[in-house]
Every structure is written in C-alpha cells, then in structure tokens.
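Written below as structure tokens is the structure these notes are about.
The values are calculated or read from the model by the stated rules, or taken from the named source; none is laboratory data. Because the structure is a prediction, the values reported are computed rather than measured. Positions of Cβ are generated from backbone atoms using ideal geometry, with glycine treated the same way; all protein chains shown enter the neighbour counts. Calculation scope for accessible area: heavy atoms of the full protein, side chains included, ligands and nucleic acids excluded. Shrake-Rupley method; radii C 1.70, N 1.55, O 1.52, S 1.80 Å.
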Amino acid sequence: MTPPSAVSEAIFGLSPLLVSLTIFVLTYAVIVTEKINRSVVALLGAGLMIFAGVLNQAEAFHGIDLNTISLLTGMMVIVAITQKSGVFQYVAVKAAKVVKADPWGLLVMLSVVTALFSALLDNVTTVLLIAPVTLLITDALRISPYPYLFSVIFASNIGGTSTLIGDPPNIMIGSATGLTFNDFLFNLGPVVAVVMALTLIPIYFIWGRKLSASAEDRALVMAFNERQSITDSRLLKQALFVIALVITGFVLAHSIGQEPGTIAMFGAALLLLLRVYDKQAEDQSHAIHHTFGEVEWITIFFFIGLFVVVAGIEKAGALDFMAHKIVEWTGGDFTITTYAILWVSAVLSSVVDNIPFVATMIPVIQSMSGTFTPQQIETLWWSLSLGACLGGNGTLVGASANLVVAGLAERAGQPIRFLPFMLMAFPLMLASIAVSSVYLWLRYL
Amino acid sequence: MTLRAITLLPEPICVSPDTSLLETLHLMLERRVNHIPVCDGGIWAGLVDINDILYELLPVSARVEHGLKDLRFVGDGVALIASHFKDLANKPVREVELHDLPTLDEDTPLLEAALLLHRHVAPLPVLDANGKFKGMLSRRTLLAHLIKKAGN
C-alpha cells in the first residue's frame, strides 16, 4: 500500500496548488487549441501531475471514475455491434416514409428520431448514424440539407440531456452523485421535451415553411425499402434484446442496488457472447478484437487523463477554493447560485468542451454542501446538467456531435460555416436556457 | 528490347483538363476503353479512370467517410443517378482525381514496362525525349507484342 504523499510540498518544494493549477491550465489550454489530440494531452497532464508530486499513482487511480469509464465502454461496444444490423438506417427511412417524405414532416421526424437515439446512445454515434441517411434523402428530394443537419445537431444535444446515459456530463454527474437513470428522466425529461418542441418553431419559420419537394421526388423516397437495411436479423434480435435488458437494468438499478457501469459492461459482454458462442476460437478472437477496435479509445483515454488532472487540483485544494469564491460572490443565495451555474455553464459549454468543465465543476458543487441543503445541491446538479448539455448547441465547437456533422457536411459539398451557424444557433441555445430557467423556477426554486 | 519496338495505338487521344466528364465518358464508350489520358498542351497531366466517373454518379452520402455503407434500401434509384448526369456535364476532368502514374519512354526495357504495368493495373503513358505525350501502353498491347515475339 503506497503511503499518501504529503500535501504540503510538490516538486522542487513548490506549492502543490501552484503546480497543479499550472498543469491544469496548460492541459486545458493545449486541448482548446486542438493542435494535439486531446487524449494524448490529457494523459501527459495526468503523468505530470503524478511526477510533479501533486498526487501519487494510487491517488491518481482512485480519482479515475471507473463507473463512467465502464458505462461509456460498455455502451460503445453495444452500439458498435447494434450498428451493424442496420436498424438505425431502418428507423430513419421508416420515419421519412411515415410522413410521406413531406419536407417539413421529415425534418420533424428526423429531429425526434435523433433526440430519442441521443437519449440512449452517445450523441456522436447518433449523428453518424442519422446524418448520412439525411443527406441521401435530401439529395433524392432535391432540397438543401442545411436545415436538416442544423436540426439534427440541436436534437442530438437536446435529446442527450434527458437521460443519465445520453451525454457524458450526465454520466459523470450521475456517477459522482448517485443520481439514477430515473432521477434524470423525471427531472430533465419534461424540460427537454419542451425545449425540443419549442426549438422547432423558429426552425419552421426560418426554413420549414419554405421547404418543398416535387411529387416525383417524394415518390422516389417512398419507394425506398427500409427492410433492405436490415442486413442481419439475427444480430438485430440479439442486439435489441441486450439493449432492452440494459435499459431495464438502468431503470431498476437503484432498487436492485446495482450501478450503471456494471450493467453496461455486463450487457456488452453478454452481447459479445451471443455473437461468438457458435464460432471457432480463432474466429471468436477475430470478431471480438474487431469489436473492441470500434470503441472510441481516444474518448476513454481522454477521460482517464482528465480525471487524474482534476483529481490533482482537487487534492491541492483549488476546487474547494473555487467553491468558496462562488458562494462568496453569490452571497450564498441559492437562487442566484442556481442561475449562475446554469448560465455560465451554458455559455462556457458553447465554446469549450463541456467534459473538462463538468469534471471540474463536480467537486466544486460537492464542496458547497456546507452551504446548501442536499435538496438544493440536487437542484444545482440539474442546473449544471442543463447548462453543460444544452450549451453545446451554441457554436459549432460546442459539442463533438456538431463538429462531426460539420465534417460530414463539408465532405458532402454542403459546408456548415462557423459564423452562419453561430448566428442562428447561439440565440436558439440562449432561448433553451431561458426555458430551462423558467422550468427550474417553477419546479425547484 | 525497348518500347521502341512496339507500335502504339494509331492516334493517341488526349483530352484537355477542361474537357467535361460527360464528354470523356462518351469517348470511353465510343472507343471501348476504360481509361483516357489527360494532356495539358501536349504534356502528360494524368489519367481518368472510368471508375472515377462511376464514382461521381453515386450519391454523396455514400461517397464520404462515415457515410452510408450500403444502398440496398434505395431500390431502383435510377432517378437519383440520372440527376447526377448533369453534374458530369458541368465538371471538368481536372476536378477528378487524376492518377499519378509512372511514365515510360521509348528506351524503357520491355521487362521493366511489364512489371510496371502489372503493378499499376492501368495503361501507362509513353513520353518522347522532350516529355511530350506519345501514347498509352496497355497490357493488351504489350501482351499482343510479346505473344507474337514468343511465337505463340
């Protein structure tokens, strides 16, 4: 058992607060410039925290939230396998046909489908599944894909806010606080549904009412056979079975005394079993190796490094300090603190990655437990979640899903430029935060 | 034995980089070839493959990285392709990826030419001493010559 390091001194006898903050700011700054892959930066920052004597390895490891890591990894495996069944494409095409390929109906349906998928899967995967089909359908209907891609971006961030598993900030908050899948759904579901519906209104006025497609083009889309998208129905049944099991697990987690990380990992292992049990050893190896290869390791290692870096500044006392400063500044007023967290999180999340921000804010809010009641602290979590998740809609760099769609759009010859997007998106995002403010007022304040 | 010994195609056609893809496609179909050389003022500029033209007809959503993996659900979809034909008429050859191929000249030994042809699976350009385009050497042309020489 490694003895804990002395808190009073870091490398060269410097103050740990100074050293840890320097490493933290440097790490963060390099990540923001995007010159170097963020997983590498995070891991280097983590290593420096340990070498600089702020933490020892045991404390660093303790700071890594394995519940979040295993939940993310488990879901990534499940989604990677499910994707191969073609079910997402099936749903998107079916949705288009349900509205008879009417352009506005299509936009609403694709947004709703994206929001629903985002609530259960991570946002980047969702848009990677929906955006190409969207491009094909708009190509066939000979309409501009821009309004659709814009709505898909918004829907993915909005939908992801509503559940524990929908967006990494929620996973992290749930993990640190013990708030359950049901807690997130009951507390954030309502406001998310309202925000989604309200967001479609300006989209209708700006683009929706001008969208039109000829009868022949719509007939072409109606002739799409979505059943052909299902390439492997055995795989589909297995995947849907495991997903249903896992979601049920999340819903019941609290009452059966289990955690989402375990549920997700077990689900992933179960689905892998179903996929390989009848294969030879070598084929099993090959299939599993391939599936593990589909996990977003860059994201996972980014989280690992980040957790250690944040653990470093937390141990050095920086976050306690920040918490006290915030309480001082808001005068300990609960309402002001709630709104401050909501609005500041939203604006910051629209320009910087919300994951490091939330990772930093969690210990800060936890430190406020001296000033506020547990009931009030819970409200602060909802405030943080809404701000961090919905804020991602503000600019193209606000969320990874936005950048993925922009990249796809660019390669498809229909680029989404930073400024035009922001001019529409930022006000819409602020409106969604205003709606959230009203919701928080009505329900908690 | 060098390439000097082989008679190349009678009139080597070479389109300019501004020729439209549609026109180039017509040429390919007329001459029953899968490749057309591109020259800029007589100087070799690259090769257009019929596969590149086919690629332009595919929906963009299937062409991009992370795009659609299969198009079975689209069914017939001829109307989708048909609408891309007008893009072909508007796109010049220079906007399509012109293959970067090794060039041959009249002093290239036949054996080296054979090896390069095999490696690149495309006809290769033959240039004269001044770098001007003389013609294309296809596998058929080379093999026809070799089969005669070997007395088969």
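Report the chymotrypsin sites (Phe, Trp or Tyr not before Pro) located in region A:227-318 that are in a DSSP loop and have at most 11 other Cβ atoms inside 10 Å of their Cβ, or state none.
Numbers: sites: A:241, A:250, A:266, A:277, A:292, A:297, A:301, A:302, A:303, A:307; in loops: A:277.
Those satisfying the criteria are A:277.
Give, in whole angstrom and from largest to smallest, the semi-axes √(5λ) of the equivalent ellipsoid of region A:344-445, with λ running over the eigenvalues of the Cα gyration tensor.
On the way: eigenvalues 190, 45, 14 Å².
Over the Cα atoms of region A:344-445, the semi-axes work out to 31, 15, 8 Å.
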What is the distance in Å between the Cα centres of region B:106-152 and region A:187-260?
57 Å
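Could you work out the helix-only [θ] at 222 nm for the protein assembly as shown, with each DSSP H run of four or more residues adding -39,500 (n - 2.57) and the total divided by the number of residues, to the nearest 500 deg cm²/dmol? Walk me through the numbers on the way to the answer.
On the way: 27 runs with 395 residues, N = 597.
Rounded to the nearest 500, the figure is -21500 deg cm²/dmol.
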Across B:69/B:91; A:94/A:210; A:94/B:69; A:84/A:237; A:237/A:279; A:100/A:237, pairs whose alpha-carbon gap is larger than 20 Å:
B:69/B:91; A:94/A:210; A:100/A:237
Under 26 Å from residue A:325, Cα to Cα: lysines that are on another chain or at least 8 residues apart
A:315
Can you grab the distance from the C-alpha centre of region A:341-411 to the C-alpha centre of region A:101-175, Å, no decimals?
19 Å
For region A:9-135, build the charge dipole from Cβ charges (+1 Lys, Arg; -1 Asp, Glu) around the Cα centre, then report which of A:106, A:61, A:40 sits farthest towards its positive end.
A:106
In chain B the accessible area split gives carbon plus sulfur, as whole percent at 1.4 Å, a share of 54 percent
Please work out how much accessible surface residue B:121 shows to a 1.4 Å probe, ignoring ligands, DNA and RNA, in Å² rounded to 10.
90 Å²
Starting from 0 in steps of 10 Å, tell me what percent of the Cα-Cα pairs of region A:248-403 lands in each bin.
10, 25, 31, 21, 9, 4, 0
Size of chain A along its principal axes in angstrom, Cα-based, largest extent first?
75, 57, 45
Just grab the label-to-label distance for residue A:248 and residue B:147, each label 7 Å out from Cα along the Cβ direction, in nm (one decimal).
6.7 nm
Do any trypsin sites (Lys or Arg not before Pro) in region B:26-68 lie in a DSSP loop with no more than 11 other beta carbon atoms within 10 Å, and if so, which?
B:32
Which angle between 0 and 90 degrees, to the nearest 10, do you get for helix A:16-33 versus the longest principal axis of chain A when only C-alpha atoms count?
20 degrees
Which trypsin sites (Lys or Arg not before Pro) in region A:1-100 sit in a loop by DSSP (not H, G, I, E or B) and have at most 13 other Cβ atoms within 10 Å of their own Cβ?
A:35, A:100
Counting Lys and Arg as +1 and Asp and Glu as -1 over every other residue whose Cβ sits under 15 Å from the Cβ of residue A:238, the net charge comes to +3
Any chance you could look up the accessible area of residue A:214 with a 1.4 Å probe, heavy atoms only, rounded to 10 Å²?
40 Å²
Which of the aspartates and glutamates could a cross-linker span from residue A:97 if the Cα-Cα distance has to be under 15 Å and same-chain partners fewer than 8 positions apart are dropped?
A:216, A:217, A:226
The FRET efficiency for residue B:122 and residue A:215, from their Cβ-Cβ distance with R0 = 45 Å and rounded to 0.05, is 0.50
Label point 7 Å beyond Cα of residue A:377 along Cβ direction - residues of region A:160-177 with amide nitrogen under 17 Å
A:172-177
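For residue B:76 and residue B:111 in one chain, what is 0.36 nm times their gap in residues minus the Cα-Cα distance, to one decimal in nm? It would help to have the intermediate numbers written out before the result.
On the way: separation 35, 0.36 × 35 = 12.60 nm, distance 4.65 nm.
The residue B:76-residue B:111 span can extend by a further 7.9 nm.
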Cα lying deepest toward the dipole's positive end in the protein assembly as shown, options A:165, B:17, A:265, charges on Cβ:
B:17
Any idea of the accessible area per residue across the protein assembly as shown, 1.4 Å probe, to the nearest Å²?
46 Å²
